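The next block holds one structure in the form of structure tokens; read it before the comments.
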Amino acid sequence: MDRETRPPALKPLADKPLTVIEPGKPWKMNFPDLWRYRELFYFLIWRDIKVRYKQTALGIVWVVLQPALTTLVFTVFFGVLARVPSSGKPYPLLVYTGLLPWTFFSNAVGGGANSLVTNASLITKVYFPRMLIPVAAVGARLVDFAIALLFLIPLMIYFNVKPTLNLLMLPFLILLLTWFSVGIIVWLSALNVRFRDVGIVIPMLVQLWLFVTPVAYSSDLIPRKFQWLYFLNPLAGIVENFRAAILGSDFHWTALAYSTVITLFIFVQAAYFFRRMERTFSDII
Amino acid sequence: MQPIISVENVAKRYTLGKTSARTDTLRESLVDFARAPLAMIRNRRSSSTETLWALKDVTLKVAPGEVVGLIGRNGAGKSTLLKILSRITEPTTGRVELYGRVGSLLEVGTGFHPELTGRENIFLNGVILGMSHRDIRKKFDEIIAFAEIERFIDTPVKRYSSGMYVRLAFAVAAHLEPEILVVDEVLAVGDLAFQNKCLGKMEDASLGGRTVLFVSHNMPAITRLCSRALLLESGRVVMDGATNDVISTYLERSFSAGHSREWVDQSQAPGTEELKLMAVSVMRQDGSVVSTATVAEPVLVKLVYVTTQPSLKFRCAVVFNTQGTCAFATVEPTETLHDKPGRYTSIVKVPCDLLAEGEYMINVSIFTSRGIKQHYVQLQNVVALHVYDPMTGDSARGDYAERLAGVVSPRLEWTSEYEGPA
């Protein structure tokens, strides 16, 4: 092998993108990088979905089965036995419309908070914007959510609930729900890299969270003077309005405003926190 | 020429001890959790507790198309440097500028998922390594052919044998085409034939004008691929130069064995009352001391010793070790009588076309085995020799360019003839 005759580099350097590596600045979001790695983002989502239903007999049916079975149990115990008031709507539909956003959120948090840790081998061996991992974990659940949402159609036909113009709010509510979930998961997943306690606390936290969110009941049950406190939980506003959009009842505009502002705040905080922690991920994970 | 990689004063500090330790028990976790906010603030303030500088003041420039080997002992900072260049970890201080895409191969099979099939993993792994979906589809057939797993392409990789798994993983990585390729010790996978194939692929990459940074403990591979090498020691670049020189220095430093060893003070010299070893050296035919030799030249090992008593009968032995085993041992054919006390020299000539490419550590001993075996001198790793093949075609390998296995590489005669129709 003659090393002297090696051809020179194919293109002049000026044509190639320059990468500068320096000690990082957490307040700078690297948007071009996020865009450049979009294909990886899709593949991470694709992998999550693919792997979850590998070697299962029912596969994607579980996406509908999970909220449907919960609806059944809730209906029997809360609706029939405990007679939880349902504001004049069919109780099963009240529960299912609450469970849709809730299942999405709780599943996303459950898997998403551990996502960085379970992908430790990627983080220590290849570069890509780390934020893609928790965000893709949410993205994968969004696909499940969409499928479970379709199951509403036969349910609404069965209970004879007609769609109203309120449905127009649905895209915004889904966006808000996703955004809130991303904020929480980005924050928790980064914290989990440093403190594995997060993984332990989450199942408990999610369980408690279910009771302070209007899933099995309507927020009308909450006394008026405590509603401001109740709606500090951004999920309460999202779930209640999600239900209103589908069942055609009145929106809780104040609650929605609360949820939007708090979501925005959490998201900005989470993104900053993540960027700050990100620098040490590969060293401490 | 403008460098494609330019590293300026890069340093990397790791904090040791409690802060980086994993918390394993719930109790510990709760204590940590309670302290969490405080601890995080404290860490930022006083990081002097216990720190390790994995890299310090590393400055280096690499021209486009250069293939640079990084060598050094474990913990010298080679992998940390690669991790910084591939943006996996951030430098504590300093700055790096890179032109073009960087492909890093710090491990084979990064991101492989056991539940997914070979086909699915090729796409997943390819995208993780930075290839586009389109590129992967274009090279798909080439990849499975390289990995030799055509039949199992739709089987989940958890059912693969470890060999198949590794071959597939390397095949994907080998088809990466970035401007800068950063490779850690990943060539030591698979069987010998597959290793050769990988090495060949690396050679193609370097011949294709790609810039490659290559970490390996496989010195023949470094010699083969790299024209330039860097020696790292405790996080610093201690030498930067032609590969053969750097490898020799590395051997000298890491085994504290160089091309020669001399004991000036006779009382400190190894040996017994009657006999002291004064010097050992590796030389060329012309008597010049060398640490590097080509496979095509003879090498002399010279032992200098002093006897203090008359009528000593003994013989000298020299052992060449390489790749963790003994390549060969050679002894003086007879025990000779050393009548007069004084200074003696024994030289053994290792002919050309015997040593294989690689590093040899040389042991020497002087002993008698008449009656009870008695060692006067018995020393391990006294001197080292780095042997390489200049690839001129005039060696045991002829024009065969790939790796030749074995601890020696004798030049043997081959004949073949036509015996008639089959």
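All of the numbers you see were taken from the coordinates with simple rules; none came from a lab. Since the structure is predicted, the reported quantities are computational estimates derived from the model, not experimental observations. So basically every Cβ, Gly included, is an ideal-geometry build from the backbone, and we count neighbours across all protein chains shown.
For the reader, a short list of remarks on this structure follows.
- Cα long-axis angle, helix B:192-207 against chain B (0 to 90 degrees, to the nearest 10): 70 degrees
- Principal-axis analysis of the Cα atoms of chain B puts helix B:133-147 at an angle of about 40° to the longest axis.
- Long-range HN-HN contacts of B:T51 with modeled amide H, under 5 Å: B:L16
- Net length available on complete extension from B:T308 to B:D204 is 31.5 nm, with 0.36 nm assigned per residue and the Cα-Cα distance removed.
- Lys/Arg +1, Asp/Glu -1 at C-beta; the protein assembly as shown dipole; positive extreme among A:Y96, A:G237, B:A169: A:G237
- As a proxy for reagent exposure, ranking B:E297, B:E142, A:E240 by other Cβ atoms within 10 Å from fewest up yields B:E142, B:E297, A:E240.
- Applying 1/(1 + (r/R0)^6) with r as the Cβ-Cβ distance of B:T93 and A:V143 and R0 = 56 angstrom yields a FRET efficiency of 0.80.
- For the range B:250-285, the residues whose backbone nitrogen is under 14 Å from a point 7 Å from the Cα of B:Q374, taken along Cα to Cβ, are B:272-276.
- Neighbour cut-off at most 15 other Cβ (10 Å), DSSP loop, chymotrypsin sites (Phe, Trp or Tyr not before Pro), the range B:158-255: B:F255
- Taking A:P154, A:P203, A:P17 in turn, the Gaussian network model of chain A (Cα-Cα springs below 10 Å) assigns the largest fluctuation to A:P17.
- P(r), alpha carbons of the protein assembly as shown - 10 Å bins starting at zero, rounded %: 3, 12, 18, 18, 16, 12, 9, 6, 4, 2, 1, 0
- Peptide A:119-125 shows a mean partner chain C-beta count of 5 within 10 Å per residue C-beta.
- Where both bridge residues fall in the protein assembly as shown, DSSP classifies roughly 80% of the beta bridges as antiparallel.
- Listed from fewest to most Cβ neighbours within 10 Å, the set A:D220, A:D15 follows the order A:D15, A:D220.
- Per residue, the convex hull around the alpha carbon atoms of chain A comes to 188 Å³.
- Based on Cα contacts under 8 Å between residues 6+ apart, chain B shows a relative contact order of 14 percent.
- Hydrophobic, long helices, defined as DSSP H runs whose alpha-carbon span along the helix axis is 24 Å or greater and whose mean Kyte-Doolittle value is at least 1.6, occur in chain A at A:132-150, A:170-194.
- Contour minus Cα-Cα distance for B:T392 and B:Y418 (0.36 nm per residue): 6.4 nm
- The range A:175-250: relative contact order in percent, alpha carbon pairs under 8 Å with at least 6 residues between: 28 percent
- Using θ = phi - 60° and Karplus 6.51 cos²θ - 1.76 cosθ + 1.60, couplings along the range B:291-307 (whole Hz; Gly, Pro as x): 10, 10, 9, 8, 5, 9, 10, x, 10, 10, 10, 10, 10, 10, 9, 10, 9
- Counting Cβ atoms of other protein chains within 10 Å of each Cβ in B:87-99 and taking the mean gives 6.
- Across the range B:59-91, the residues whose backbone nitrogen lies under 11 Å from the label position 7 Å along the beta-carbon direction of B:D240 are B:59-63.
- Measuring between alpha carbons in the structure, the pairs from B:K276/B:K373; A:K54/B:K83; B:K61/B:K201; B:K83/B:K201 lying more than 28 angstrom apart are A:K54/B:K83.
- In a reduced charge model with +1 at each Lys and Arg Cβ and -1 at each Asp and Glu Cβ, chain A shows a dipole moment near 260 debye about its Cα centre.
- The mean sequence distance of close C-alpha pairs (under 8 Å, at least 6 residues apart), as a share of the length of the range B:260-388, puts its relative contact order at 28 percent.
- Distance between the 7 Å Cα→Cβ label points at B:R315 and A:I153: 9.3 nm.
- The angle separating the long axis of helix B:243-254 from the principal Cα axis of greatest extent in chain B is about 70 degrees.
- Residue by residue, the range B:98-103 carries 3J(HN,Hα) couplings of 10, 9, x, 6, 10, x Hz when phi is fed to the Karplus relation 6.51 cos²θ - 1.76 cosθ + 1.60 (θ = phi - 60°); x denotes Gly or Pro.
- Positive-end residue, the range A:86-204 charge dipole about Cα centroid, Cβ charges, pick of A:L165, A:A136, A:W179: A:A136
- Think of the range B:264-422 as a dipole: +1 on every Lys or Arg Cβ, -1 on every Asp or Glu Cβ, centred on the Cα centre; then among B:A293, B:T330, B:Y418, B:T330 lies furthest on the positive end.
- Less than 5 angstrom separates the built amide H of B:V238 from those of B:L231, B:L232, B:E233, all sequence-distant by 5 or more or on a different chain.
- Between the range A:53-107 and the range B:371-411, the alpha-carbon center distance in angstrom: 74 Å
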